[in-house]
Structures are given as C-alpha cells and as structure tokens.
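The values are calculated or read from the model by the stated rules, or taken from the named source; none is laboratory data. Just so it is clear, the model here is predicted, and its values are computed rather than measured. Every residue, glycine as well, gets a Cβ built from its backbone with ideal geometry; the counts of neighbours run over all protein chains shown. The protein model used for the area step is the full one, side chains on, heavy atoms only, and it has no ligands, DNA or RNA in it. Shrake-Rupley method; radii C 1.70, N 1.55, O 1.52, S 1.80 Å.
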Amino acid sequence: MNISELIHDFVLALVELGILLGSLGAVLLVNTVNSAFSLGLVFTCISLLYFVLNADFVAAAQLLVYVGAINVLTVFAVMITDEPAGSETTARGIGYIITAGTCTILFSILSFVIHNTKWSDLSLIPQSGISTSGTLGSNVQQLGYKLLGEFVIPFELLSILLLAALVGAINLARNEDAFIVNKKSAASAPYKNSTFF
Amino acid sequence: MNDINLFLAKLTYTSAKLTILPEIILILGLVAVVVIDLLSKGKNTFLLYKISMVTLLASAVILLWQWGFFTAYERSHARDFGNIFRFFLLICSLLSISSSVDYILCSKMSLAEFLLFKLAAGLGGMVLSCANDLVTIYVSLEFLALSSCFLSGYTKRDMRSNEATMKFLLMSGASSSLLLYGFSLLYGLSGGQLQLDKIVDGIIFNRYGSIIYLSAAFTTAGTAFKLSLFPFHQWTPDVYEGSPTPVVAFFSVTSKVAALALFTRLFGLIFPYFSNEWHVAVGLLATFSMILGNLIAVTQRSVKRMLAFSSISQIGYIMIGVLSADSGNGYASMITYTFIYILMNLGTFACITLFGLRTGTDNIRDYAGLYMKDPVLTFSLVLCLLSLGGMPPLSGFFGKLYLFWHGWKAGLYSLVLVALVTSVISIYYYLKIIKLMFTGKSGRSDTPLNSRQNSLVSLSISISKNSLEIAMIICALASTLSGIFIDPIIEITRNTFF
C-alpha cells in the first residue's frame with residue numbers, strides 16, 4: 001500500500017466519522033439549536049465525501065444548497081420557534097424497545113449482507129462508455145448533457161413540482177380571513193364562518 | 001390544399017407519436033388555472049372548474065385516440081398496461097374534481113389551488129404508471145405525494161387536518177427513503193443502469209442473490225407504505241379522518257391506483273427470478289391486510305375511518321389479482337377489479353361528502369333515518385356500499401368473483417379462502433350502516449340539517465350543487481351496471497402481461 005492510498009483512506013475515515021458523529025448529535029442532542037448545527041456538520045461532511053469520490057460539481061452543489069440554504073433556513077426556523085415545554089419526559093415504553101430491536105436487526109442484516117457482497121466484481125457498463133466518449137469535456141458539461149438529454153422528462157417534471165410546492169407554501173402561509181373578506185365583496189355572499197371545520 | 005393535407009397528416013402522426021401528449025395537456029391546463037386565477041383575482045371560479053374539466057377530458061380523449069392508433073400498428077403489452085392505468089387515473093381525477101368543487105366553495109376556500117393540486121397529483125400518477133426509469137419513477141412519486149400532502153392540509157383551520165398533513169408528510173418521506181434505498185441497490189448492482197428493462201439485463205442474479213433480496217424487501221416496504229398494506233398502514237386511518245372528505249375520496253383511489261401500477265411494474269419486470277419467495281411475502285401481506293382491515297373496520301364509529309380500513313382490505317383483495325397473473329390472462333382480474341373499486345369507492349365518498357355538507361358530521365350514528373330525508377342519497381349510498389361488500393347483482397360481486405376465481409385457478413387457495421371469509425365480515429359492517437339508514441330513528445340530527453341547508457342554498461352561487469350529485473349518481477349507476485358489461489372490460493385488460 002503506497003502513501004497516497006493511505007492518505008485517501010485516512011481522509012475517508014475522517015469524513016465518515018464526521019457524518020456519524022454529526023447525525024448522532026442531530027438525533028440525540030436535547031437543545032434543538034445544537035442539533036440543527038450538527039445537521040450542518042453532516043451536510044458538510046457529505047459534501048467532503050463527494051470531493052473524496054472525485055465528484056466536485058455535486059460536492060459544490062451539496063455545499064451550496066444544503067449547507068448554504070437549507071441548513072440556514074432550518075437554524076432560523078429553530079431559533080424562531082419556542083422552547084418545547086416538557087421535552088425531558090421521555091417515556092421509554094414497550095414501543096421504544098421494539099423500535100430499538102427492529103433497528104438493531106435491520107442494521108445487522110444490512111451490514112452482514114453488504115460485507116458479504118463482492119462489490120469489486122460489478123461490471124460498470126456506463127463508466128466505460130463515458131471514458132471512451134470523453135470528448136465532451138469536464139464533469140459539469142457531461143452532467144448538463146445528461147440532464148437535458150436523457151433525463152429531460154424528470155427534469156421538466158421537477159420544475160412543475162417546484163411550481164406546485166411554491167403554490168402550496170403560499171397557500172399555507174396566506175391569511176385566510178383576508179381571502180374571505182375579498183371573496184365576500186366580490187360575490188356579495190353573506191359572511192358566515194363555516195362551522196363544520 | 002395539398003400542403004395543408006400534408007401538414008395535417010404530419011401533425012396527426014407527430015401527435016400520435018408523442019406518447020406524453022396527455023400529460024403535456026394536463027400541464028398546460030395546470031398553468032392555465034394558475035394564470036387565469038391570477039388575472040381574474042380569484043373571482044372567476046366557474047371558469048377554472050370548466051378549464052380543469054375540459055383539460056382532463058381532452059387528455060382522456062387523446063389518450064384513447066393514441067391507444068387506438070398504436071394498437072392498429074403494433075401491440076406492446078407494457079404500453080397497454082400503462083395506458084389502462086393512465087386512463088383510470090384520468091377517470092379518478094374527473095370524478096373527484098366534479099364531486100369536490102361544491103365542498104370547496106361551500107367551505108369558502110380558494111378553488112384555484114385545489115384544482116392545481118388535483119391536476120398535479122393526477123399528472124404525477126399518470127407519469128408514474130408509464131415511467132420506465134428509476135429517476136422518473138421517484139420524481140413522479142414525489143409529485144403525487146407532495147400534492148396529496150397539500151390537499152390533505154387544505155382546511156388550515158382544522159387541527160385534525162393539520163395533524164393529517166404532518167403525518168402524511170412524515171410517512172411519505174419515510175417510505176420514499178426506503179424506496180430510494182432499494183432503488184440505489186438496484187442501480188449499483190446493475191452497473192449503473194436506470195432503465196427498468198436494462199436493469200434486468202444488467203443484474204447477475206446468481207452471484208448477488210442476498211443483496212437483491214434486500215433491495216426487493218426495501219422496495220416492497222416503500223411501495224407498501226403507499227399502498228397502505230398491513231404492517232405499513234398506520235397512517236391511513238388518521239390521515240383519512242383528518243383530511244377533508246373529497247380529498248380522502250381522491251387519494252383513496254388516485255394514490256392507490258398509481259402505487260399499484262408501480263408495484264406491479266417493478267415486480268413484474270425486475271424481480272421475476274425469485275417469484276416464489278416474493279409470492280409468499282406479498283401473500284402474507286395481503287392476508288394480514290384483509291383480516292385486520294376488515295376486523296378493525298367493524299369497530300369504527302366514524303364513516304371515514306371505517307372506509308379507511310375497508311380500503312386497506314380492498315387492497316388486500318387486489319393483491320390476489322397481482323399474484324395470480326399468468327401469461328394467458330395477464331393482470332386482467334386485478335385491473336378489472338381496480339376499475340370497479342374506483343367507481344365504488346368514489347361513489348361512496350361522494351355520498352359521504354354530500355351528507356357531510358348537509359349535516360357537518362361523519363359519525364355512523366348520525367346516518368340514522370336518512371331514508372326519510374333524502375331517498376336519492378340513501379339509495380346511491382346503499383348501492384355503492386353493497387357493491388363494495390360484493391352483493392350478487394352489483395358489479396362488485398362480479399369483480400370479486402372473477403378475482404377469486406382467477407386466484408383459485410392460480411392455486412392461491414388459502415388466500416382466496418381468507419378473502420371469502422373476510423368479505424362476509426365486510427358485508428356485516430356495510431349492512432350495519434344500511435340498516436341504520438332505513439330503520440333508525442332520526443333524532444338529534446334534525447336541527448343541523450336545516451341550518452346547513454340554508455347556508456348551502458345561500459352559498460352555492462356560481463356552481464349549482466348538481467355536479468356533486470351528478471358524480472354521485474354516475475358512480476352509483478356505474479358501480480351497479482358495470483357488472484353487466486364486465487366481459488368487454490375483461491377482454492380489453494386481458495393482454496397486459498409484460
């Protein structure tokens with residue numbers, strides 16, 4: 001084993017340790033602000049993992065979108081909301097034991113199966129295809145070609161999905177009373193609060 | 001003149017070739033709803049309703065036309081399967097939109113967003129039922145789940161509705177993560193293929209047996225959440241109880257039908273190599289769904305909760321059809337029963353919506369003596385409920401008969417026996433409501449009926465409340481009579497084996 005491989009392994013182990021500790025912190029920490037910050041640690045480490053795996057564009061996107069946008073939003077949301085009352089009373093009933101048992105069994109099955117599979121035997125078909133037609137240039141360009149060529153339907157669907165999500169968010173945040181008053185003046189219907197909701 | 005003819009011929013050919021044209025029309029309609037609502041500042045509700053109905057109808061017509069165009073040249077069974085399910089989803093959206101407009105207007109919520117979410121959910125389901133690669137499957141599944149989630153929280157002031165949204169969001173997130181894990185294993189094992197048929201070619205089944213089992217288990221769990229099969233059903237009754245009634249009607253059929261299409265395609269295409277183990281596992285899930293769904297439904301007091309458990313058990317029956325597929329008949333029994341199930345369930349929910357609009361309650365107890373007040377509503381509800389239970393002259397009976405006969409021929413004896421016994425239990429709790437409607441003393445629900453009716457008359461300005469009743473009567477008639485026309489339906493659905 002030469003020195004570069006050793007360094008690679010060391011960095012990989014460090015990054016994975018960060019992911020593990022960060023996700024444990026996000027779940028287990030009592031103060032929600034702390035767990036939001038440890039979620040940020042997890043996202044950063046995942047982006048570093050992409051760097052280690054030689055996918056620099058995905059890593060940058062992960063860093064920008066998840067750490068820069070989503071995690072900041074999460075931290076803001078956590079800081080705005082009130083302190084939850086009575087969060088110390090964590091009753092550990094029978095459900096807790098069942099869940100813990102299921103998770104342990106699932107984890108052991110997963111690690112057993114993954115350990116016993118010979119991953120190096122897999123034949124990566126598209127990988128060879130890319131390396132032969134490597135005239136397309138950098139990683140990002142290939143990604144763009146793929147997105148607007150092979151994956152154009154899911155790509156365009158995602159834009160409609162974002163539209164629907166936007167409308168949904170506005171619908172949730174809108175002041176319903178203002179809407180009803182508007183409606184009343186428009187249709188001259190008698191204002192009456194609907195009682196069956 | 002010649003040029004025009006040539007142009008028309010070219011246009012016809014192009015639009016027939018463009019298999020996603022129905023979806024494109026839906027997207028255009030969806031954008032049109034948003035833009036027109038923006039321009040008219042939320043006043044012109046009737047136009048929005050008309051636009052969405054016309055869009056869905058046009059989409060259905062084009063789908064049928066393309067289908068006919070293609071079957072004239074070549075016949076591909078996978079395409080038939082997808083087309084049937086896309087058509088079912090369009091029917092679901094049409095009927096459920098026409099049965100929910102009154103409810104939305106009477107409860108003074110904005111219609112435009114509601115129509116947008118319904119169209120979006122229908123679109124997601126349609127893409128899902130003909131998607132062929134893992135990315136499209138995941139995106140359309142999220143489409144469906146997100147729109148359904150917004151729909152279930154549409155009545156913001158209701159605490160139960162908010163709770164339902166929260167539960168639905170968390171559950172759909174969890175199930176998507178399970179599904180994605182299974183997909184990622186498939187992607188890795190096939191050497192980086194995303195198309196379903198190429199994945200089958202890429203996987204070496206002998207060498208990676210155990211990890212393919214794992215992937216199949218995760219995929220099954222993820223889709224079973226969407227289908228609400230037995231161990232993954234806990235979200236269903238709460239979400240059904242909290243959401244507004246027409247929305248429940250919508251996702252008791254739409255998301256189920258779309259998830260069913262996904263389930264059948266995934267397992268028919270990718271995992272046929274270990275069909276024995278898979279049959280045992282899905283058979284167990286179906287058995288437990290039938291038994292527990294029907295047994296718990298007996299004890300429910302709210303109609304919506306009861307129908308939630310009944311829908312869990314109906315999915316169990318449909319699973320018999322999935323398991324008993326053979327190369328001769330394909331998924332004919334499953335598709336036929338799904339069609340009848342859509343009509344029966346939408347009819348039942350339309351009746352409940354009408355009742356809920358008039359009285360503001362959905363307790364079973366309050367249905368007492370309904371026959372005296374509204375015979376039409378009572379008869380439609382009786383027809384739909386009896387059809388759901390599988391009483392002989394109605395179409396539910398023929399659907400179940402065909403399903404069970406098919407299952408018996410395929411050798412699923414224990415499953416069919418369980419289904420027969422649980423059908424009898426289901427008839428018991430459906431008959432309980434019917435008995436209450438005819439014989440019960442109408443006591444305390446008199447006063448709210450009058451007051452609600454007054455407010456209803458004053459509120460339904462632009463759209464007559466007929467559309468709900470029309471949808472209800474169509475569903476009731478169809479769920480009664482389609483048993484007579486079951487032969488052509490079976491004939492169409494017969495050639496659907498991959």
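Checking each residue in the stretch B:313-338 for being open to solvent by less than 10 Å² (accessible area, probe 1.4 Å) and under 12 Å from residue B:405 (Cβ atoms) picks out B:320, B:321, B:324, B:332, B:333, B:336, B:337.
Within the stretch B:131-153, being open to solvent by less than 20 Å² (accessible area, probe 1.4 Å), more than 9 Å from chain A (Cβ to nearest Cβ) and not in a helix (DSSP H, G or I) holds for no residue.
In the set B:153, B:188, only one residue is more than 30 Å from residue B:28 (Cβ to Cβ) and out of contact with any Phe, Trp or Tyr (no Cβ under 6 Å at 6 or more places or on another chain); that residue is B:188.
The stretch B:190-283 holds helices (runs of 4 or more DSSP H) entirely within its bounds, and those carrying 1 or more residues that are open to solvent by 20 Å² or more (accessible area, probe 1.4 Å), in contact with an Asp or Glu (Cβ under 8 Å, 6 or more places away or on another chain) and acidic (Asp, Glu) map to B:235-242. For the stretch B:37-67, a residue qualifies if it is out of contact with any helix residue (DSSP H, G or I) (no Cβ under 6 Å at 6 or more places or on another chain), touching a residue at least 40 places away in the same chain (Cβ under 8 Å) and assigned to a helix (DSSP H, G or I), and the qualifying residues are B:46, B:53, B:65.
For the stretch B:333-343, check the following and say yes or no: at least one residue is in a helix (DSSP H, G or I) and within 14 Å of chain A (Cβ to nearest Cβ). No; the residues of the stretch B:333-343 include none that is in a helix (DSSP H, G or I) and within 14 Å of chain A (Cβ to nearest Cβ). Which of the residues spanning the stretch B:478-489 are more than 19 Å from the chain's Cα centre (by Cα) and among the hydrophobic types (A, V, I, L, M, F, W, C)? Of everything in the stretch B:478-489, those that are more than 19 Å from the chain's Cα centre (by Cα) and among the hydrophobic types (A, V, I, L, M, F, W, C) turn out to be B:481, B:484, B:485, B:486. If you go through the stretch A:146-156 one residue at a time, do you hit one that is at the interface with another protein chain (Cβ under 9 Å from one of its Cβ atoms), in contact with a Leu (Cβ under 6 Å, 6 or more places away or on another chain) and either exposed (fewer than 11 other Cβ atoms within 10 Å of the Cβ) or modelled with pLDDT of 80 or more (or both)? Looking for residues that are at the interface with another protein chain (Cβ under 9 Å from one of its Cβ atoms), in contact with a Leu (Cβ under 6 Å, 6 or more places away or on another chain) and either exposed (fewer than 11 other Cβ atoms within 10 Å of the Cβ) or modelled with pLDDT of 80 or more (or both), one finds at least one in the stretch A:146-156, hence yes.
In the stretch B:107-129, the qualifying residues are those that are within 9 Å of another protein chain (Cβ to nearest Cβ) and of a type in the set (Ser, Thr, Tyr), and the one that is surrounded by the fewest Cβ atoms within 10 Å (Cβ to Cβ) is B:107.
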